[in-house]
Structure formats: C-alpha cells, structure tokens
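The values are calculated or read from the model by the stated rules, or taken from the named source; none is laboratory data. Bear in mind that the values here come from a model prediction, so they are computed numbers and not experimental data. Positions of Cβ are generated from backbone atoms using ideal geometry, with glycine treated the same way; all protein chains shown enter the neighbour counts.
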Amino acid sequence: MIKLDMDLACQLLSKICPSQTLARDSAEYERARASYWTGEQARATPACIFRPRTVVDVSMALSGGHGKFHGESSISNGVSIDLAMLNHMVLEEDRSVVKNGPGNRWLDVYTTLEPQGLTVVGGRAMTVGVGGFLLGGGISFYCNKYGWALDNIREYEVVLVNGTIVTASADSHPELYKALRGGGGNFGIVTSFTLNAYPHPGMWGGPVAWDIIHSDSVIAAFMKAGESAPEDPNAFFILALGKTGGHWHWGSWLSYCDRVESPVFFQDVLAIPSIYSAAKTQSHSEMSRIMARGYPHHVENSLWVSCTNIDEHMICYWGDVWIEEMDKIADVEGLKVQVAIQYITQNVIDRMTVNGGNALGLADKGPFLMFNAEPVWAKKEDNPRVLLTLQTIFDRTEAEAKQRGVYNPYIYLNYASQYQNAFEAFDEKTREFLENTSRIYDPDGLFQDLRGAGFKLKGPPEKRFPASLSDGLTL
C-alpha cells in the first residue's frame with residue numbers, strides 16, 4: 001500500500017510516544033519547523049513530527065536540517081521524523097574513532113574533540129548536520145589529506161525498513177557499507193556513524209578576495225594549487241566568483257591543516273594584491289563558525305552543481321556566463337550571487353578505494369572541477385526568475401563543456417538541485433550495484449515509493465523543471 005492515512009499514523013505515534021510526537025500548531029512543532037535552513041524547507045507542514053531518542057525508537061526516518069529544498073529533509077502532509085535528538089558523541093578509548101549521532105551539528109563535534117587535540121573529516125560550516133553531509137559525500141577542509149568524509153566512516157548503525165538494526169562496515173554487511181558511502185538515504189535510517197579521528201594541532205586559513213582585474217593571476221594560482229596538492233595535502237583552496245556592492249570580485253577560502261602562518265604552498269596566491277583577507281591561524285571550530293556566516297537561515301536558496309574535467313578555459317567561461325546571466329536579475333531583492341569552484345584532486349580520488357571503495361564510481365577517474373552555484377535571495381515570489389536563470393547558466397556551461405570534450409556527468413549529491421538526477425549521472429556499473437543493494441535491504445522498494453523526501457535511486461525529487469515557472473517571464 002503506497003498511500004497511508006497520515007492522521008492515523010500521527011495518532012498512533014502520539015499514543016506510543018506522546019512526548020516525542022509533535023502535533024501541528026503546537027509550539028514545539030513550530031520550533032522544529034523553524035530549525036530548517038532555507039525558507040522553502042521551513043514552509044513545509046508535516047502532518048506531525050516524530051523525534052526518536054534512541055535507535056530502538058526509529059522505524060523509518062529522515063535526517064532533517066540542512067537540505068536545500070522543500071522535500072529534501074522536510075515534507076508537507078507526511079510524517080517527518082526528526083533525528084535531532086540522536087545527538088550522542090562517544091570517543092573510543094584508543095582515541096582513533098568517535099561515534100556520532102546524525103542529530104549533531106559539526107560545531108558540536110569539533111568543540112567536543114578539540115580539547116582532546118582531535119578532529120574529524122566533517123562539514124566546513126558549523127551549522128551543517130552530520131547525517132546528510134556524510135551520506136552525500138562530505139567535502140571538508142581535510143579532504144586532500146584524508147579524502148572525503150564518506151571515506152572516513154568505519155561503521156554505520158542502520159535501521160532497515162523492516163525495523164532490524166544492523167552494523168554496516170567493511171567486515172559486516174559490506175555491500176550495504178559500500179552503498180551508504182555515496183548512495184544517500186536509500187537503504188535505511190542511519191542512527192550512528194563511527195568516524196576516524198585525527199590529530200588537530202590547529203589550522204591556518206580563512207577568506208581572501210581579489211578584484212576582478214586579477215582574474216588571470218587568481219585562476220592560474222588556483223589551477224597550480226590543485227595540480228600541486230599531492231606535494232602538500234594539508235592545503236585546500238576553494239575559488240568563488242561573487243558580487244558585493246555592485247562590483248564583481250574573486251573570493252576564496254584558503255585552508256591549511258596545520259598551525260602554520262601563511263604557508264609556503266599559498267605563496268603565489270597570497271602575492272596577488274587582495275581587497276580583503278582574514279586568513280589566520282585558528283581552530284577547526286573557529287573556521288567553521290566563520291564559513292557559516294555566508295549561509296543565512298530562512299532565505300530563498302537554490303544549490304546547483306556541474307562538473308568538468310580539468311580545463312582552465314571552463315573556469316573563464318563559467319565566470320563570463322555567471323556574470324552575464326546574474327546581472328540580468330540584479331534587481332531581485334536581497335540577491336547574493338556566488339559560484340564556488342573546487343578542484344577535486346588526485347589525492348581525493350586515490351582515497352576512494354579504501355575499505356572496499358565507495359559507491360560514487362569515481363575511483364578509476366582522474367581529477368575534475370566542480371562548479372557549485374549557491375545564490376540566495378529574499379522573496380519566494382522571485383523563485384521563478386532565479387531558477388530559470390540558473391537553468392540557463394547550467395545549460396550554457398554544460399553545452400560548452402560537451403563541445404570541448406571535457407564534460408563530466410558526475411553530480412555531487414550534497415550540492416544538487418531538486419531538478420538534477422544525481423544517480424542517473426553515475427556509471428552503469430555503479431547504478432546497478434546501488435539498485436541491487438536496495439533490492440536486498442528493501443525488497444519491496446518502500447524507501448523508493450513511500451519515502452517522501454530526498455534523492456531516490458529512481459529519479460530526482462522533482463521529475464522535471466516546472467513549466468509554470470516560465471509563465472509570463474521574458475529572460
């Protein structure tokens with residue numbers, strides 16, 4: 001049976017666990033809705049919200065908090081299972097691993113571990129939730145040194161669709177373990193992650209920005225940093241193109257995973273005259289606090305992602321198209337425009353083979369560029385204009401990449417829009433593995449048919465770009 005009586009489901013939950021079931025219009029229900037990141041998510045109105053406290057409370061759930069769109073980690077008229085209370089954190093005696101509940105935020109994790117001289121490969125912004133970040137991939141300041149976060153997970157505690165609790169690792173349920181490393185929330189509800197812990201002496205880094213007139217020098221320095229990553233895996237460089245006060249500029253986030261002032265690795269980029277620089281020695285938690293300032297809550301937001309093989313021309317082309325198209329909607333209230341560019345290095349690719357490999361299908365591929373559009377704006381009435389502009393930008397840049405023979409179909413789950421089919425972009429062998437694993441652990445396909453939120457193996461959350469968005473618009 002695909003359709004359920006949600007009112008009845010909520011009534012049953014309230015009888016079994018009354019203190020954990022939040023009814024519509026209650027103060028606790030509204031506070032839970034307000035905790036979502038974007039305005040679109042916060043507008044979702046679940047029939048009720050269930051908050052499990054332990055793994056035995058969980059039968060079927062979705063980890064909420066830092067999704068990008070209505071339906072990714074929230075749902076209207078369904079039962080929303082909020083894992084915020086599953087926020088345990090246990091450092092093992094040998095200090096090599098730490099167990100984390102999906103309800104934690106990364107700031108909680110870092111501030112708990114730092115007094116022990118430790119950290120983990122986690123989110124770069126403090127407000128990001130643990131669960132979704134780890135299931136979608138997990139790009140971190142530490143990725144050139146240790147790989148993406150999913151390649152630093154030793155074990156998953158998972159509640160299967162039939163209520164069975166299993167531990168997935170390289171030695172126990174290895175096919176499930178591999179599928180969870182990149183396959184999203186398609187196989188069960190993860191109630192605990194066991195992560196590698198690493199020494200944390202401190203870090204250096206922060207935002208640095210340059211005038212657009214220095215484009216050639218900035219792009220050249222960015223490309224050199226990506227190519228040179230194997231020589232010094234402590235370094236990480238995010239490039240961004242944004243607009244402040246009506247003026248376009250290049251921004252960046254530089255980081256170095258050691259307490260070294262102005263590392264030699266970054267000498268080329270630091271020699272370029274900057275218009276702003278706040279890079280300094282600090283802790284992992286302090287870095288995550290600063291980065292989170294760029295991601296305000298309860299505004300309209302849409303993340304999109306596209307990848308290409310390594311090609312400096314594509315960075316220049318992306319910049320030209322981004323400026324041209326975003327300037328056409330400059331009158332949108334509260335519009336802040338930024339596209340981030342990341343060089344996914346050979347270091348990261350090499351780590352994708354550990355513990356039997358992950359489910360991304362990238363381990364035999366080379367380095368690539370990732371372009372992540374992340375605009376925010378004030379009013380939902382402007383959603384059609386912004387979304388259509390983003391679609392135009394991605395159509396143009398992907399066409400250019402294909403024409404140049406550098407198009408890379410990979411779609412990073414944590415940056416994908418609701419209109420992008422992330423799993424279709426995986427190679428055939430990887431898709432077949434994920435689908436077979438789904439049939440083993442969810443033989444009736446309930447996670448694909450009943451689960452109302454998130455990216456599913458059978459398609460994106462929104463099957464097609466809504467035609468209504470273009471009604472009456474001339475772009």
Subject >> Hits in the stretch 178-230 (condition: surrounded by fewer than 19 Cβ atoms within 10 Å (Cβ to Cβ) and modelled with pLDDT under 95) >> reply: Pro230
**OP:** Look through Thr397, Thr389, Thr437, Thr430 and report the one residue that is in a helix (DSSP H, G or I), touching a Leu at 6+ places or on another chain (Cβ under 8 Å) and closer than 24 Å to Gly319 by Cα.
**Re:** Thr389
**OP:** Scan Asn372, Asn414 and give me the residue that is over 21 Å from Cys316 (Cα atoms) and either crowded, with 21+ Cβ neighbours inside 10 Å or in contact with a His (Cβ under 8 Å, 6 or more places away or on another chain) (or both).
**Re:** Asn414
**OP:** Can you confirm whether the stretch 336-348 contains a residue that is part of a helix (DSSP H, G or I) and either free of Cβ contacts under 8 Å to residues at least 40 places away in the same chain or outside the structural domain of Met291 (by TED's automatic domain parsing) (or both)?
**Re:** no
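Which of the residues spanning the stretch 264-309 are without any contact (Cβ under 8 Å) to a residue 60 or more places away in the chain, under 26 Å from Asn414 (Cα atoms) and surrounded by fewer than 16 Cβ atoms within 10 Å (Cβ to Cβ)?
Matches in the stretch 264-309: Arg293 only.
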Subject >> Of the criteria (1) surrounded by 15 or more Cβ atoms within 10 Å (Cβ to Cβ); (2) within 22 Å of Phe222 (Cβ to Cβ), which one Glu312 fails >> reply: (1)
**OP:** Please verify whether the stretch 112-120 includes one or more residues that are in a loop (DSSP other than H, G, I, E, B) and either at pLDDT below 95 or closer than 24 Å to Ala23 by Cα (or both).
**Re:** no
Original post:
All but one of (1) in contact with a strand residue (DSSP E or B) (Cβ under 6 Å, 6 or more places away or on another chain); (2) part of a helix (DSSP H, G or I); (3) of a type in the set (A, V, I, L, M, F, W, C) hold for Ile219; which doesn't?
Top reply: (1)
**OP:** Give the residue, chosen from Gly445, Gly459, Gly454, that is modelled with pLDDT of 75 or more, over 24 Å from the mean Cα position of the chain (by Cα) and surrounded by 13 or more Cβ atoms within 10 Å (Cβ to Cβ).
**Re:** Gly445
Subject >> the stretch 419-442, residues that are modelled with pLDDT of 95 or more and either assigned by TED's automatic domain parsing to the domain that holds Ile189 or under 26 Å from Gly163 (Cβ atoms) (or both) >> reply: Phe433, Leu434, Glu435, Asn436, Thr437, Ser438, Arg439, Ile440, Tyr441
**OP:** Being under 18 Å from Gln418 (Cβ atoms) and among the small types (Gly, Ala, Ser) is the filter; apply it to the stretch 20-59 and report the residue that is modelled with the highest pLDDT.
**Re:** Ala44
Subject >> Qualifying positions in the stretch 157-202 - at positive phi and not in a loop (DSSP other than H, G, I, E, B) >> reply: none
**OP:** Could you please let me know if Ile329 is β-branched (Val, Ile, Thr), assigned to a helix (DSSP H, G or I) and either out of contact with any Cys (no Cβ under 8 Å at 6 or more places or on another chain) or closer than 27 Å to Asn383 by Cα (or both)?
**Re:** no
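Within the stretch 12-37, count every residue that is of a type in the set (Phe, Trp, Tyr) and outside any helix (DSSP H, G or I).
The total comes to 2.
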Original post:
Checking Tyr156 against (1) buried (at least 23 other Cβ atoms within 10 Å of the Cβ); (2) closer than 28 Å to Arg293 by Cβ, which single condition isn't satisfied?
Top reply: (2)
**OP:** Would you mind stating whether Trp318 is hydrophobic (A, V, I, L, M, F, W, C), part of a strand (DSSP E or B) and out of contact with any Lys or Arg (no Cβ under 8 Å at 6 or more places or on another chain)?
**Re:** no
Original post:
Listed residues Gly137, Gly132; which is touching a residue at least 60 places away in the same chain (Cβ under 8 Å) and within 17 Å of Val158 (Cα to Cα)?
Top reply: Gly132
**OP:** Working only within the stretch 325-351, note down all residues that are farther than 30 Å from Tyr142 by Cβ and surrounded by 15 or more Cβ atoms within 10 Å (Cβ to Cβ).
**Re:** Glu325, Met326, Ile329, Val332, Leu335
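Pull up the stretch 120-153, narrow it to residues that are of a type in the set (Phe, Trp, Tyr) and surrounded by 24 or more Cβ atoms within 10 Å (Cβ to Cβ), then point me to the one that is nearest to the chain's Cα centre (by Cα).
Among those residues, the one meeting the criterion is Phe133.
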**OP:** Could you list, in sequence order, all residues of the stretch 232-250 that are at pLDDT 95 or above and more than 22 Å from the chain's Cα centre (by Cα)?
**Re:** Asp232, Lys243, His247, Trp248, His249, Trp250
